[in-house]
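Notes to accompany the following structure.
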Amino acid sequence: MAHPDTTETTSEVHGYRARVAEHGRFRAVMESFAYLPPFGGMFKKTSPFYAESYWYCMGGITFLMFVYLTLSGVLLAWLGPFWWLTNPVGQALKGTHYWAAQAFFFFLVLHLIRVWATGSFRGRRWLSWLLGSAVLLLGLGENLFGLLARGDWESQFVAMHSDDMLFVQPYFFHLFSPANFGADLAIHVAVIPVILFALIIGHLTLVRLQGTARPL
Amino acid sequence: MSETAPGQPATPHAAQAVRQPAAEPGAAGLVTQHVRHAYWKYPIIALVLAVLLGLLGALAGSPNSPRATIATTSRQDPGGAALAFTQELAGASASAGNQQEFGLGPPGQVFVTGPLSSFAPLLGGNVAAALAAWRAAPASQQAAWANNYLMALDKITPASMEGGMETAMSPDYAKIGTLRGDFGPVPALVKADVRLAQGGHLEQYLEARDPGHTLHLSTIWLYDHPKLLNDAVANGLTDDQWGMVKERDYPVGPWYLIIPAIIHVKLPGGVTGTGFVLWNLLVALIFIFVLPLVPGIRSLPRKLRLSRGIARYPTPGEQIPPDPNARLDPVLQKELKEEGLA
């Protein structure tokens, strides 16, 4: 990690030396990511007292899981289905991707509980609630297409189970079949994640603009 | 992730100020409400989670059941393959529901007459003649032949097990030569297609027929064969609508309960695609509009004082003065005033 002094932030209060003096070198180094580019200008450096609780980290950890899913997903897509279905390393990476998806929903639900229980959806923050809800609902769709894009027996069965239940309905115009593995993989890798990313960025921007909601 | 409320100034040396009593002089009211955010914990949390995910991925793995292929399925259960081909010719297969899908077409043509035409010179025997007879017959005659054969197949099909599982039994292929009736060329077509399927040639044909199907046609055919659904039933994957979220050998976590809470409802008319879509739309509307906007419902967390178990409150000896700069947005102020909660 580069020495924080070399890329000091504008405020002396948040400088490396000030932070070392405040709470020691270890913590100052560990938190450097929030004070250096590219995050230095994005993150607020202080938070309300009441938000110093792990409950308020759940949204951030959900985003972290999204980052893990993206990174592992890029690797999986690069090396392809034969690799992730047959190579031990590929199978392990696919396993990590699978568990990160479980964790994504786990932390997202905890975040949802925190937001609801503290009334953080009230007033103008409803728009943020709307975007978060869209992330949850679209995330469930991404989960389904991830299952379809796995390429194993369960992908085959769920493709037909969901096809016969849902996608043969006339309002889908018969243009898409989950039985087509190529379409499933493209939707899972290149369509839904891009929309999810845009929604998450919108959600984070609103949180940045509106700040942490005071518990009601 | 925590952020500062709007209008809050950055707080010099906020961490030191946290434990100062409320009576401290100066601008204590401005600085003690906010503390330096504990960003140093985030890399540790990220590392712990990365290690945990890596261990789970390597040791617990993820669902990875071997794919079904047309060849193995047809070799394991040739009677089911014969049943599927006959249903396709009769227009009574599951794939008839997919007929309108882009790139598909009549299942009898896609899965039976199409591949047989392509392989006829290699198959020899009476296949070319059977195909010619089939094509020369009017549609009503084709349907009569195929339906007669379907009924005959039913006579060599074992009765389904007691208990009402929604499984389809396959005809006994060893007895298929004993069937007699007005079947036209159907038996010859079906038996030749079973040979193609068992040899793996049908799958090759379906993948190579047009570029871009990418298992599309193969998977649709596998659902015509009873084995795919029977295996799913045997693994408990089809009870009602659980198939979407259940994983073979991998019980899903309780956090997925939100999914059955949304989709697992038996509608009066049974499970239909339209009912499924409308029900999910209704749940989404409740979630997005009713829960956060309807007076009374939106105030539930406040009335139940749920935030007491979530937000951090001062420990004994830790006095945090009220934040004079904490302002509620005008919309929320109005709502709270209307509800007498301001």
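Taken over the stretch A:20-38, the criterion of being open to solvent by 80 Å² or more (accessible area, probe 1.4 Å) and either among the small types (Gly, Ala, Ser) or over 14 Å from B:LYS41 (Cα atoms) (or both) is satisfied by A:ALA21, A:PRO37, A:PRO38.
Taking the criterion of being open to solvent by 10 Å² or more (accessible area, probe 1.4 Å) and either modelled with pLDDT of 95 or more or part of a helix (DSSP H, G or I) (or both), the residues of the stretch A:108-122 that qualify are A:LEU108, A:VAL109, A:LEU110, A:HIS111, A:LEU112, A:ILE113, A:ARG114, A:VAL115, A:TRP116.
Among residues that are among the hydrophobic types (A, V, I, L, M, F, W, C) and within 20 Å of B:THR219 (Cβ to Cβ), B:ALA84 is included. Taking the criterion of being modelled with pLDDT of 95 or more and open to solvent by 60 Å² or more (accessible area, probe 1.4 Å), the residues of the stretch B:49-71 that qualify are B:VAL51, B:LEU52, B:LEU55. The helices (runs of 4 or more DSSP H) located wholly in the stretch B:52-129 that include 2 or more residues which are hydroxyl-bearing (Ser, Thr, Tyr) occupy B:70-76, B:114-123. In the stretch B:212-224 there is no residue matching the filter, namely being under 35 Å from the mean Cα position of the chain (by Cα), surrounded by fewer than 19 Cβ atoms within 10 Å (Cβ to Cβ), under 17 Å from B:ALA94 (Cβ atoms) and within 14 Å of chain A (Cβ to nearest Cβ). Taking each residue of the stretch A:34-56 that is within 7 Å of chain B (Cβ to nearest Cβ) and looking for partners that are surrounded by fewer than 16 Cβ atoms within 10 Å (Cβ to Cβ) and aliphatic (A, V, I, L, M) with beta-carbon atoms closer than 7 Å, six or more apart or interchain, yields A:LYS45/B:ALA10; A:THR46/B:ALA10. Within the stretch A:44-58, the set of residues being of a type outside the set (S, T, N, Q), under 21 Å from A:GLY202 (Cα atoms) and either over 17 Å from the mean Cα position of the chain (by Cα) or open to solvent by less than 20 Å² (accessible area, probe 1.4 Å) (or both) comprises A:LYS44, A:LYS45, A:TYR56, A:CYS57. When the stretch A:187-210 is filtered for residues that are free of Cβ contacts under 8 Å to residues at least 40 places away in the same chain and at the interface with chain B (Cβ under 10 Å from one of its Cβ atoms), only A:LEU209 remains.
Restricting the search to the stretch B:283-303, which residues are in a helix (DSSP H, G or I) and either of a type outside the set (A, V, I, L, M, F, W, C) or open to solvent by 70 Å² or more (accessible area, probe 1.4 Å) (or both)? Passing the criteria: B:LEU285, B:ILE286, B:PHE289, B:PRO292, B:LEU300, B:PRO301, B:ARG302, B:LYS303. Does the stretch A:124-159 hold any residues that are part of a helix (DSSP H, G or I), small (Gly, Ala, Ser) and at pLDDT 90 or above, and which are they? Scanning the stretch A:124-159 gives A:SER128, A:GLY132, A:SER133, A:ALA134, A:GLY139, A:GLY146, A:SER155, A:ALA159. Restricted to the stretch A:138-176, and to residues that are open to solvent by 10 Å² or more (accessible area, probe 1.4 Å) and polar (S, T, N, Q), which residue is nearest to A:PHE197 (Cα to Cα)? Restricting to residues being open to solvent by 10 Å² or more (accessible area, probe 1.4 Å) and polar (S, T, N, Q), the top hit is A:ASN143. Scanning the stretch B:196-210 finds one or more residues that are within 14 Å of another protein chain (Cβ to nearest Cβ), outside any helix (DSSP H, G or I) and farther than 22 Å from B:ALA132 by Cα.
Evaluating A:LEU85 against the criteria (1) buried (at least 22 other Cβ atoms within 10 Å of the Cβ); (2) facing chain B (nearest Cβ under 8 Å); (3) out of contact with any Leu (no Cβ under 8 Å at 6 or more places or on another chain); (4) in contact (Cβ under 8 Å) with a residue 40 or more places away in the chain leaves one unmet condition, (1). Among the residues of the stretch A:93-105, is there at least one that is open to solvent by less than 40 Å² (accessible area, probe 1.4 Å), assigned to a helix (DSSP H, G or I) and either more than 10 Å from chain B (Cβ to nearest Cβ) or closer than 23 Å to B:PHE289 by Cα (or both)? Checked against the condition, which is being open to solvent by less than 40 Å² (accessible area, probe 1.4 Å), assigned to a helix (DSSP H, G or I) and either more than 10 Å from chain B (Cβ to nearest Cβ) or closer than 23 Å to B:PHE289 by Cα (or both), the stretch A:93-105 yields at least one hit. Taking the numbered list (1) out of contact with any Pro (no Cβ under 9 Å at 6 or more places or on another chain); (2) assigned to a loop (DSSP other than H, G, I, E, B); (3) at the interface with another protein chain (Cβ under 9 Å from one of its Cβ atoms) in turn, B:ASN280 passes all entries but (2).
Only residues that are of a type in the set (Phe, Trp, Tyr) and crowded, with 19+ Cβ neighbours inside 10 Å were counted across the stretch A:67-79, and they come to 1.
The values are calculated or read from the model by the stated rules, or taken from the named source; none is laboratory data. On a predicted model such as this, the values are computed, not experimentally measured, just so you know. In this analysis, Cβ positions are derived from the backbone assuming ideal geometry, glycine residues included, and neighbour counts consider all displayed protein chains. Surface areas here come from the heavy atoms of the whole protein model, side chains and all, with no ligands, DNA or RNA. Shrake-Rupley method; radii C 1.70, N 1.55, O 1.52, S 1.80 Å.
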